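*Asks:* Supplied in structure tokens, the structure appears directly below.
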Amino acid sequence: MKSAIKTIWRLLQLEKPADMKNVSQVILTIEICMDGISCTSNDGIHLTGTYIADYHGDVKREFSRVLVHEMAHVAVEQEWTSSLRINRRDCKLYG
């Protein structure tokens, strides 16, 4: 999660901790039956297990990209995320 947050800071060019919500816990749930790839609800991330299972390519890399995208919705205030567009291909994790 730290790498995801660092990536979000870089992509959104955030400058201070106050630019992000103070979230103490994020719950990741792998769903069997869910439309789409992933979604965020409050401080929870829901990922479609069948998407990952059926993904052809580097699954670890794709999982990381989806995680960064959804963490942006968790970590950044709602007024930012309503128009937030971070492409998964841009979500390379930086440690």
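The values are calculated or read from the model by the stated rules, or taken from the named source; none is laboratory data. Computed from a predicted structure; not experimentally measured. Quick reminder, even Gly has a Cβ in these numbers, built from the backbone with ideal geometry, and neighbours come from all protein chains shown.
*Asks:* Among the residues of the range 44-60, how many are within 15 Å of M34 (Cα to Cα) and either touching a residue at least 40 places away in the same chain (Cβ under 8 Å) or not β-branched (V, I, T) (or both)?
*Replies:* Total satisfying the criteria: 7.
*Asks:* Within the range 3-11, does at least one residue satisfy the condition of being part of a strand (DSSP E or B) and of a type outside the set (S, T, Y)?
*Replies:* no
*Asks:* Still on this model: Out of I52, I5, I30, report the one residue that is touching a helix residue (DSSP H, G or I) at 6+ places or on another chain (Cβ under 9 Å) and modelled with pLDDT under 85.
*Replies:* The match here is I5.
Okay, residues lined up against (1) of a type outside the set (G, A, S); (2) surrounded by 17 or more Cβ atoms within 10 Å (Cβ to Cβ):
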site	(1), (2)
S3	no, no
T7	yes, yes
K16	yes, no
D35	yes, no
S38	no, yes
L47	yes, yes
I52	yes, no
H56	yes, no
V66	yes, yes
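*Asks:* I need the full set of residues from the range 18-27 which are at pLDDT 85 or above and either in a strand (DSSP E or B) or exposed (fewer than 15 other Cβ atoms within 10 Å of the Cβ) (or both), in order please.
*Replies:* Q25, I27
*Asks:* Of the residues that sit in the range 68-88 and are crowded, with 18+ Cβ neighbours inside 10 Å and either modelled with pLDDT under 60 or among the acidic types (D, E) (or both), which one is farthest from A4 (Cα to Cα)?
*Replies:* Per the criteria, the residue is I86.
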